[in-house]
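So the structure is just underneath, and the comments pick up after that.
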Amino acid sequence: MPTLAIDTSGAFSTIVVIRRGKIVGSSRLHAQPATHLHEQINVLLKDLHVSFAELTDIACLIGPGGWTGLNIGVTTAKTIAQVLGIPLVPVSTLDALVAERSWNEGPVCGLLGAGRRRAYWAWYNTDTNGLVALTSGRSRVAEFAEWLSDLGSKSGRPLVIEYGNSLQDQLWPFLGAVALESHDTIALRGIRAALEHSRSSLLRGPEILVLAPKYMQSSLAERDAGASC
(Lines give C-alpha, C1' and ligand atoms only; values in the text may rest on other atoms or scores of the structure.)
Protein backbone atom coordinates (compact mmCIF):
# COMPACT_ATOMS: atom_id res chain seq x y z
CA MET A 1 0.00 0.00 0.00
CA PRO A 2 1.32 3.47 -0.86
CA THR A 3 2.63 6.31 1.27
CA LEU A 4 2.24 9.96 0.25
CA ALA A 5 5.18 12.18 1.26
CA ILE A 6 5.08 16.00 1.18
CA ASP A 7 8.06 18.37 1.24
CA THR A 8 7.41 22.12 1.30
CA SER A 9 10.47 23.02 3.40
CA GLY A 10 12.19 25.09 0.69
CA ALA A 11 11.60 26.91 -2.57
CA PHE A 12 10.07 23.83 -4.24
CA SER A 13 7.01 21.77 -3.38
CA THR A 14 7.76 18.08 -3.76
CA ILE A 15 5.23 15.25 -3.64
CA VAL A 16 6.37 11.63 -3.62
CA VAL A 17 4.43 8.37 -3.66
CA ILE A 18 6.29 5.41 -2.20
CA ARG A 19 5.18 1.80 -2.32
CA ARG A 20 7.05 -1.03 -0.58
CA GLY A 21 10.07 1.19 -0.10
CA LYS A 22 10.28 2.23 -3.75
CA ILE A 23 9.44 5.59 -5.33
CA VAL A 24 6.64 5.04 -7.84
CA GLY A 25 5.95 8.66 -8.74
CA SER A 26 6.79 12.24 -7.86
CA SER A 27 6.00 15.86 -8.67
CA ARG A 28 8.14 18.95 -8.02
CA LEU A 29 7.05 22.55 -8.61
CA HIS A 30 8.81 25.85 -8.01
CA ALA A 31 5.93 27.98 -6.77
CA GLN A 32 4.11 28.92 -3.59
CA PRO A 33 2.45 25.76 -2.20
CA ALA A 34 -0.62 27.74 -1.12
CA THR A 35 -1.65 28.11 -4.76
CA HIS A 36 -1.10 24.58 -6.04
CA LEU A 37 -0.28 21.98 -3.37
CA HIS A 38 -3.71 20.33 -3.23
CA GLU A 39 -3.99 20.22 -7.01
CA GLN A 40 -0.43 18.89 -7.23
CA ILE A 41 -1.33 16.01 -4.90
CA ASN A 42 -4.57 15.24 -6.73
CA VAL A 43 -2.90 15.24 -10.15
CA LEU A 44 -0.05 12.95 -9.07
CA LEU A 45 -2.37 10.43 -7.41
CA LYS A 46 -4.65 10.45 -10.44
CA ASP A 47 -1.71 9.92 -12.81
CA LEU A 48 -0.58 6.95 -10.70
CA HIS A 49 -4.14 5.57 -10.42
CA VAL A 50 -3.91 5.77 -6.63
CA SER A 51 -6.92 6.87 -4.60
CA PHE A 52 -6.76 8.60 -1.23
CA ALA A 53 -8.51 5.56 0.27
CA GLU A 54 -5.54 3.39 -0.70
CA LEU A 55 -2.99 5.42 1.27
CA THR A 56 -1.72 3.60 4.35
CA ASP A 57 0.02 6.63 5.83
CA ILE A 58 1.27 10.08 4.99
CA ALA A 59 4.66 11.67 5.64
CA CYS A 60 5.84 15.25 5.66
CA LEU A 61 9.09 17.08 6.15
CA ILE A 62 8.59 19.12 9.30
CA GLY A 63 11.66 21.34 9.03
CA PRO A 64 13.72 23.20 9.62
CA GLY A 65 12.48 25.28 6.72
CA GLY A 66 10.60 28.40 5.66
CA TRP A 67 7.56 29.43 7.71
CA THR A 68 4.97 29.72 4.93
CA GLY A 69 5.86 26.55 3.07
CA LEU A 70 6.18 24.36 6.14
CA ASN A 71 2.97 25.68 7.63
CA ILE A 72 1.03 24.77 4.48
CA GLY A 73 2.71 21.41 3.95
CA VAL A 74 2.41 20.20 7.53
CA THR A 75 -1.18 21.44 7.84
CA THR A 76 -2.10 19.65 4.60
CA ALA A 77 -0.50 16.41 5.78
CA LYS A 78 -2.22 16.62 9.17
CA THR A 79 -5.59 17.28 7.54
CA ILE A 80 -5.30 14.35 5.12
CA ALA A 81 -4.18 12.01 7.92
CA GLN A 82 -7.06 13.02 10.16
CA VAL A 83 -9.70 12.82 7.45
CA LEU A 84 -8.53 9.40 6.29
CA GLY A 85 -7.77 8.13 9.79
CA ILE A 86 -4.22 7.08 8.85
CA PRO A 87 -0.87 7.62 10.63
CA LEU A 88 1.43 10.54 9.91
CA VAL A 89 5.23 10.18 9.81
CA PRO A 90 7.16 13.40 10.66
CA VAL A 91 10.50 13.56 8.84
CA SER A 92 13.42 15.86 9.63
CA THR A 93 14.53 18.08 6.74
CA LEU A 94 18.16 17.65 7.81
CA ASP A 95 17.80 13.85 7.86
CA ALA A 96 16.34 13.90 4.35
CA LEU A 97 19.11 16.22 3.17
CA VAL A 98 21.90 13.82 4.14
CA ALA A 99 20.15 10.45 3.87
CA GLU A 100 21.77 7.85 1.63
CA ARG A 101 24.92 9.92 1.29
CA SER A 102 28.32 8.27 1.45
CA TRP A 103 31.50 9.95 2.72
CA ASN A 104 34.70 8.35 3.96
CA GLU A 105 36.83 11.36 4.95
CA GLY A 106 35.00 12.57 8.05
CA PRO A 107 31.56 13.35 9.48
CA VAL A 108 28.66 14.77 7.43
CA CYS A 109 26.75 17.95 8.28
CA GLY A 110 23.32 19.06 7.11
CA LEU A 111 23.19 22.86 7.29
CA LEU A 112 20.84 25.69 6.39
CA GLY A 113 20.57 29.36 7.20
CA ALA A 114 18.02 30.35 9.84
CA GLY A 115 18.24 34.10 9.24
CA ARG A 116 19.56 36.82 11.56
CA ARG A 117 23.10 35.33 11.41
CA ARG A 118 21.84 32.01 12.72
CA ALA A 119 21.91 28.51 11.27
CA TYR A 120 20.31 25.11 11.74
CA TRP A 121 22.59 22.10 11.56
CA ALA A 122 23.11 18.49 12.53
CA TRP A 123 26.30 16.44 12.41
CA TYR A 124 26.12 12.79 11.42
CA ASN A 125 28.60 9.97 11.78
CA THR A 126 29.21 7.50 8.98
CA ASP A 127 29.50 3.73 9.18
CA THR A 128 32.38 1.56 7.98
CA ASN A 129 31.07 1.83 4.41
CA GLY A 130 30.88 5.62 4.58
CA LEU A 131 27.07 5.70 4.70
CA VAL A 132 25.44 8.37 6.89
CA ALA A 133 24.00 7.02 10.14
CA LEU A 134 20.79 9.00 10.63
CA THR A 135 20.49 7.84 14.24
CA SER A 136 23.61 9.87 15.09
CA GLY A 137 22.17 13.24 14.03
CA ARG A 138 21.26 15.83 16.67
CA SER A 139 19.91 19.11 15.29
CA ARG A 140 20.42 22.51 16.84
CA VAL A 141 19.98 26.17 15.96
CA ALA A 142 22.44 28.86 17.03
CA GLU A 143 24.62 31.68 15.79
CA PHE A 144 26.56 30.79 12.64
CA ALA A 145 29.74 31.58 14.58
CA GLU A 146 28.91 28.65 16.86
CA TRP A 147 28.68 26.36 13.85
CA LEU A 148 32.15 27.52 12.80
CA SER A 149 33.43 26.66 16.28
CA ASP A 150 31.69 23.29 16.01
CA LEU A 151 33.35 22.72 12.64
CA GLY A 152 36.77 23.35 14.15
CA SER A 153 36.29 20.43 16.55
CA LYS A 154 35.64 17.89 13.79
CA SER A 155 38.31 15.52 12.58
CA GLY A 156 39.17 14.63 9.00
CA ARG A 157 37.61 16.50 6.08
CA PRO A 158 33.87 16.84 6.78
CA LEU A 159 31.22 16.92 4.08
CA VAL A 160 28.91 19.93 4.53
CA ILE A 161 25.61 19.75 2.65
CA GLU A 162 23.96 23.17 2.66
CA TYR A 163 20.27 23.53 1.88
CA GLY A 164 18.81 26.72 0.46
CA ASN A 165 21.98 28.29 -0.96
CA SER A 166 21.93 31.08 1.62
CA LEU A 167 25.30 30.43 3.27
CA GLN A 168 27.55 29.95 0.25
CA ASP A 169 29.47 33.21 0.73
CA GLN A 170 30.24 32.37 4.36
CA LEU A 171 31.30 28.81 3.48
CA TRP A 172 33.61 29.44 0.51
CA PRO A 173 36.63 30.36 2.69
CA PHE A 174 36.52 26.88 4.26
CA LEU A 175 36.59 24.85 1.05
CA GLY A 176 40.08 23.62 1.82
CA ALA A 177 38.98 22.19 5.14
CA VAL A 178 35.59 20.80 4.08
CA ALA A 179 33.85 19.36 1.06
CA LEU A 180 30.86 21.55 0.26
CA GLU A 181 27.61 20.94 -1.58
CA SER A 182 24.72 23.40 -1.88
CA HIS A 183 21.21 22.38 -2.95
CA ASP A 184 17.87 24.09 -3.35
CA THR A 185 15.90 20.82 -3.32
CA ILE A 186 15.90 17.62 -1.26
CA ALA A 187 16.72 14.52 -3.30
CA LEU A 188 13.82 12.10 -3.73
CA ARG A 189 15.95 9.20 -2.51
CA GLY A 190 16.78 11.25 0.60
CA ILE A 191 13.09 11.78 1.36
CA ARG A 192 12.43 8.06 0.90
CA ALA A 193 15.35 6.97 3.09
CA ALA A 194 14.58 9.46 5.87
CA LEU A 195 10.93 8.42 5.78
CA GLU A 196 11.82 4.76 6.26
CA HIS A 197 14.14 5.73 9.11
CA SER A 198 11.36 7.78 10.78
CA ARG A 199 8.56 5.21 10.63
CA SER A 200 9.12 4.24 14.25
CA SER A 201 8.06 7.79 15.22
CA LEU A 202 4.74 7.79 13.37
CA LEU A 203 1.84 9.64 14.95
CA ARG A 204 -1.75 8.50 15.31
CA GLY A 205 -5.03 10.16 16.22
CA PRO A 206 -4.68 12.96 18.79
CA GLU A 207 -0.87 12.90 18.47
CA ILE A 208 -1.22 14.35 14.98
CA LEU A 209 -3.00 17.43 16.30
CA VAL A 210 0.00 18.64 18.32
CA LEU A 211 2.60 18.18 15.57
CA ALA A 212 4.33 21.51 14.92
CA PRO A 213 6.85 22.41 12.19
CA LYS A 214 10.40 23.50 12.97
CA TYR A 215 10.51 26.93 11.36
CA MET A 216 13.75 28.70 10.44
CA GLN A 217 12.21 31.83 11.93
CA SER A 218 9.01 32.50 13.80
CA SER A 219 6.34 34.41 11.95
CA LEU A 220 5.97 38.15 12.47
CA ALA A 221 2.77 37.52 14.42
CA GLU A 222 4.53 35.05 16.71
CA ARG A 223 7.41 37.48 17.34
CA ASP A 224 4.98 40.26 18.14
CA ALA A 225 3.09 37.99 20.54
CA GLY A 226 6.31 36.98 22.25
CA ALA A 227 7.39 40.60 22.66
CA SER A 228 4.10 41.50 24.32
CA CYS A 229 4.32 38.71 26.92
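The values are calculated or read from the model by the stated rules, or taken from the named source; none is laboratory data. Here the structure is a predicted model, which means the values were calculated and not measured. We place every Cβ from the backbone using ideal geometry, glycine too, and count neighbours over all the protein chains shown. The protein model used for the area step is the full one, side chains on, heavy atoms only, and it has no ligands, DNA or RNA in it. Shrake-Rupley method; radii C 1.70, N 1.55, O 1.52, S 1.80 Å.
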Of everything in region 206-224 that's modelled with pLDDT under 95 and open to solvent by less than 50 Å² (accessible area, probe 1.4 Å), which residue is nearest to Thr76 (Cα to Cα)?
Pro213
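Considering only region 71-100, how many residues are part of a helix (DSSP H, G or I), within 17 Å of Thr3 (Cβ to Cβ) and among the polar types (S, T, N, Q)? Break it down stepwise before answering.
Of all residues in region 71-100, those part of a helix (DSSP H, G or I) come to 71-84, 93-98.
Retained after the next criterion (residues that are within 17 Å of Thr3 (Cβ to Cβ)): 73-74, 76-84, 95-96.
Checking the rest, the ones that are also among the polar types (S, T, N, Q) come to 76, 79, 82.
Count: 3.
State whether the residues of region 95-109 include one that is aliphatic (A, V, I, L, M), farther than 17 Å from Cys60 by Cα and either over 14 Å from the mean Cα position of the chain (by Cα) or surrounded by 24 or more Cβ atoms within 10 Å (Cβ to Cβ) (or both). Full working, then the answer.
We begin by selecting, within region 95-109, every residue aliphatic (A, V, I, L, M); these are 96-99, 108.
Then drop every residue that is not farther than 17 Å from Cys60 by Cα, which leaves 108.
Still in the running and either over 14 Å from the mean Cα position of the chain (by Cα) or surrounded by 24 or more Cβ atoms within 10 Å (Cβ to Cβ) (or both): 108.
Yes, some residue in region 95-109 is aliphatic (A, V, I, L, M), farther than 17 Å from Cys60 by Cα and either over 14 Å from the mean Cα position of the chain (by Cα) or surrounded by 24 or more Cβ atoms within 10 Å (Cβ to Cβ) (or both).
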Restricted to region 1-44 and to residues being under 16 Å from Ile80 (Cα atoms) and of a type in the set (D, E, K, R), the residue surrounded by the fewest Cβ atoms within 10 Å (Cβ to Cβ) is Glu39
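It is to be established whether one or more residues within region 153-172 are closer than 22 Å to Ser13 by Cα, acidic (Asp, Glu) and touching a strand residue (DSSP E or B) at 6+ places or on another chain (Cβ under 9 Å).
Initially, region 153-172 is screened for residues closer than 22 Å to Ser13 by Cα, giving 161-167.
So of that shortlist, the ones also acidic (Asp, Glu) come out as 162.
From the residues that got through so far, the ones that are touching a strand residue (DSSP E or B) at 6+ places or on another chain (Cβ under 9 Å) too are 162.
Yes, that holds for at least one residue.
Of the residues Gly65, Gly21, only one is touching a residue at least 60 places away in the same chain (Cβ under 8 Å) and within 13 Å of the chain's Cα centre (by Cα); which?
On the way: Gly21 fails: within 13 Å of the chain's Cα centre (by Cα).
Just a single option satisfies the conditions, and that option is Gly65.
Give the number of residues within region 169-200 that are over 19 Å from the mean Cα position of the chain (by Cα) and open to solvent by 50 Å² or more (accessible area, probe 1.4 Å).
Step one: filter region 169-200 for residues over 19 Å from the mean Cα position of the chain (by Cα), giving 169-179.
Adding the requirement that they be open to solvent by 50 Å² or more (accessible area, probe 1.4 Å) leaves 169-170, 172-177.
Residues that pass the stated criteria total 8.
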Within region 139-168, residues being open to solvent by 40 Å² or more (accessible area, probe 1.4 Å) and more than 22 Å from Asp7 (Cβ to Cβ) number 11
Filter region 120-179 for residues that are in contact with a helix residue (DSSP H, G or I) (Cβ under 8 Å, 6 or more places away or on another chain) and assigned to a loop (DSSP other than H, G, I, E, B) and give the result.
Asn125, Gly137, Pro158, Leu167, Ala177, Val178
Give the residue that is surrounded by the most Cβ atoms within 10 Å (Cβ to Cβ), with candidates limited to residues of region 45-65 that are assigned to a helix (DSSP H, G or I) and not charged (D, E, K, R).
Leu45
